[in-house]
Structure formats: structure tokens, C-alpha cells
Amino acid sequence: QVQLVESGGGLVQAGGSLRLSCAASGSTFNIHTIVWYRQPPGKQRELVAAISSGGSTNYADSVKGRFTISRDNAKNTVYLQMNSLKPEDTAVYYCNAHVIVVVTGGLVSQYDSWGQGTQVTVSS
């Protein structure tokens, strides 16, 4: 079982920066990827950034060049550094762990674990 806790959200002016943290606990050795999602008010959830256990990263086009995802393996924590924030970045940000377990015989079990979300509000 994997548990996630997000932190670091808050209110910031346009052009400012925030760093979000996602702390994982439990069976963290089975985590394949950590993904940051966000859900703006009245809109669907969207992918923001992802990082795999091997260190590869992926970003939504809307945040490329402004956001950076990174990890600290010793602390089991993934970060999302957000710079040059815009009002359209306002959303609840969620951390997700995709967990994959391979057992004897090649059977695969996988599931997603979600954090509770943290609010990011960017004022103009």
C-alpha cells in the first residue's frame, strides 16, 4: 500500500513561484511513476507533469519551460517547482502514484494512489 501527502500550495501573485511536495510512504519501491494532475474550477482534471522510477520526465505543453518535476529518493518525495505562474494555473493540484507489482509467473497487479490535493491560487 502506498500513501501520498501533498503540501506547498497557497496564494501567489502572477509571475511568482511555488514549490509543491508529494511525500510517499508505504511500499514505495513498487511505484512506477509519480504524476502531478490539476483540476481548475469547473474544468476537468489534466496531467501537469510526470516522473518515472528511472528518472524520465514528461510535461504538459502548457507548463513546459515554467514547471520542473524532480525527486529526492532518500526522502521518498517528488517536487513540482512552478515558476512564472499565471492565473490560469489556478487549480487544485493532486499527486498520483502508479504502482506496479510483478509476481511469480509474470502476473501483474497495478493500482493508483491519490493524495488529498493542495490548492494553488494565482492572482492577477
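The values are calculated or read from the model by the stated rules, or taken from the named source; none is laboratory data. Bear in mind the structure is a predicted one, so any value in this text is a computation, not a measurement. FYI the Cβ positions are ideal-geometry reconstructions off the backbone, even for glycines, and counts take in every protein chain you see. Surface accessibility is based on the protein's heavy atoms, side chains included, excluding ligands, DNA and RNA. Shrake-Rupley method; radii C 1.70, N 1.55, O 1.52, S 1.80 Å.
Annotation: average projected area of the chain is 7.9 square nanometres, based on the convex hull of Cα atoms across all directions. Magnitude of the charge dipole for the chain, about its Cα centre and with charges confined to Cβ atoms of Lys, Arg (+1) and Asp, Glu (-1), is about 140 debye. The Stokes-Einstein estimate for region 1-74, based on a Kirkwood radius over Cα pairs and taken at 4 °C with 1.567 mPa s viscosity, is a diffusion coefficient of 93 µm²/s.
In the elastic network of the chain, a GNM with C-alpha springs shorter than 10 Å, the most mobile of SER27, SER52, SER17 is SER27. Accessible area ranking (1.4 Å probe, heavy atoms, ligands and nucleic acids excluded), largest first, for ARG71, ARG38: ARG71, ARG38.
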